[in-house]
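See structure below.
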Amino acid sequence: MLQLYAVPQFPEGVIFQQEGAPSHYDNIVREFLDTTSPQRSIGRGDVMAWPPRSPDIAPLDFYLWGYVKQYVYSERINDISRLKQRITDVIHSVTPDVLTRVWEELDYRLDVCRATNGAHIELR
């Protein structure tokens, strides 16, 4: 996904942030990021460390996945095919307005991080 989809869309000089999940920290991922984004990544063991369990500013983690989960689990799901269909339906329903709200939430979180000088906080 990184190689074929994400990195080709990165603007010049982007700083890549990821959490420290074991699959994201695998040697092949680290080598790829070191090659494509040298000295421009935030995460476990990177040039710019990101402490585990810290408040995250990744918009997909804190807003969009919540939006998806709220829809998917708004009804009882008893089989995997129905689960897959619900996930597909909600992803296809994401509108520009939803994505705007993702970035508004990111702005809010960045403001809180600046106001608290990066201290650990609990967000709404």
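A few points about this structure:
- Top-ranked residue of region 113-124 - restricted to ones that are part of a helix (DSSP H, G or I) and at pLDDT below 80, ranked as surrounded by the fewest Cβ atoms within 10 Å (Cβ to Cβ): 114
- Qualifying positions in region 56-76 - at pLDDT below 85 and part of a loop (DSSP other than H, G, I, E, B): 56, 57, 58
- Filtering 99, 110 for residues that are at pLDDT below 85 and open to solvent by 60 Å² or more (accessible area, probe 1.4 Å) leaves a single hit, 99.
The values are calculated or read from the model by the stated rules, or taken from the named source; none is laboratory data. This structure is a prediction, so every number in the text was calculated from the model and none was measured. Note: ideal-geometry Cβ built from the backbone for every residue, glycine included; neighbour counts use all protein chains shown. Ligands, DNA and RNA are excluded from the accessible area calculation, which covers all protein heavy atoms including side chains. Shrake-Rupley method; radii C 1.70, N 1.55, O 1.52, S 1.80 Å.
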